[in-house]
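Everything below concerns the one structure shown next.
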Amino acid sequence: MDFSFLSDAMASKSYDKIADICDDHILQVSTQGITFQDEWPYSIHLLGHIYIDDINSARFLWKSIPSSVKESRPELVAVWKICQRLWMRDHAGVHEAIRGFNWSQETRDLVASFSDVYTKKMFQLLLSAYSTISIQDASLFLGMNEDDATNYVLQQGWSVDPASRMLTVKKLPVVTEQKLDPSKLQRLTEYVFHLEH
């Protein structure tokens with residue numbers, strides 16, 4: 001079976017489009033009565049749903065995959081482990097599942113990109129939820145060893161107390177949006193109109 005429909009998205013690293021591309025193609029092929037189950041790139045398809053944080057669709061896809069395919073593809077099972085950890089909100093487990101498999105050349109870049117996206121998402125979670133956090137807990141969320149996690153957050157402006165091994169979160173300044181007063185807009189319009197005439 002020809003999977004060139006995926007090649008452009010993979011080559012351009014448009015990983016956020018993979019789930020839709022695969023969903024559309026699998027429906028199209030299914031309506032033509034073509035059997036493809038043994039050849040379908042399930043790992044990439046499942047990763048596509050995980051990448052866009054569509055865990056419900058990933059679970060549905062997993063349930064639709066024949067048992068014989070699941071049993072014969074260790075990489076597919078490794079992708080499913082990532083999905084399970086996401087479902088359980090086991091942040092450290094997500095990182096362990098990513099690091100715990102030797103990914104194929106076809107999936108390596110996609111997994112690495114998801115890992116980066118997930119780490120940034122966890123950093124944003126820490127930023128919004130904590131004012132202080134232990135180095136150990138931050139490292140679990142970020143999927144890094146304690147030294148790397150500390151360096152990562154220090155680069156973001158956080159501070160560390162070496163004695164207590166606690167990190168102090170540097171909150172980003174809140175940007176408030178100015179509301180436009182309709183009466184001021186009306187006066188400005190009248191003024192501009194007066195200048196032009």
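For the reader, a short list of remarks on this structure follows.
- Matching entry among ILE55, ILE82 (being touching a helix residue (DSSP H, G or I) at 6+ places or on another chain (Cβ under 9 Å), crowded, with 20+ Cβ neighbours inside 10 Å, within 19 Å of SER113 (Cβ to Cβ) and aliphatic (A, V, I, L, M)): ILE82
- Filter pass, GLU106 being assigned by TED's automatic domain parsing to the domain that holds ASP53, within 30 Å of PRO66 (Cβ to Cβ) and at pLDDT 95 or above: no
- Test: residue in segment 75-85 that is touching a Cys at 6+ places or on another chain (Cβ under 7 Å), part of a helix (DSSP H, G or I) and not hydrophobic (A, V, I, L, M, F, W, C): no
- Where a residue in segment 154-165 is more than 14 Å from ALA138 (Cα to Cα) and its partner, wherever it lies, is surrounded by 12 or more Cβ atoms within 10 Å (Cβ to Cβ), with Cβ under 6 Å and at least six apart: GLY157/LYS170
- A single entry from ILE44, ILE65, ILE50 fulfils the requirement of being within 19 Å of LYS81 (Cβ to Cβ), touching a Phe, Trp or Tyr at 6+ places or on another chain (Cβ under 8 Å) and touching a residue at least 60 places away in the same chain (Cβ under 8 Å): ILE50.
- ALA11 vs. criteria over 14 Å from the mean Cα position of the chain (by Cα), crowded, with 16+ Cβ neighbours inside 10 Å, within 23 Å of ASP116 (Cβ to Cβ) and among the hydrophobic types (A, V, I, L, M, F, W, C): no
- Evaluation of ARG59 against the conditions (1) more than 17 Å from CYS22 (Cβ to Cβ); (2) assigned to a helix (DSSP H, G or I); (3) basic (Lys, Arg) shows that the sole unmet condition is (1).
The values are calculated or read from the model by the stated rules, or taken from the named source; none is laboratory data. Bear in mind that the values here come from a model prediction, so they are computed numbers and not experimental data. Reconstructed Cβ throughout: ideal geometry from the backbone, glycine too, with neighbour counts over all protein chains shown.
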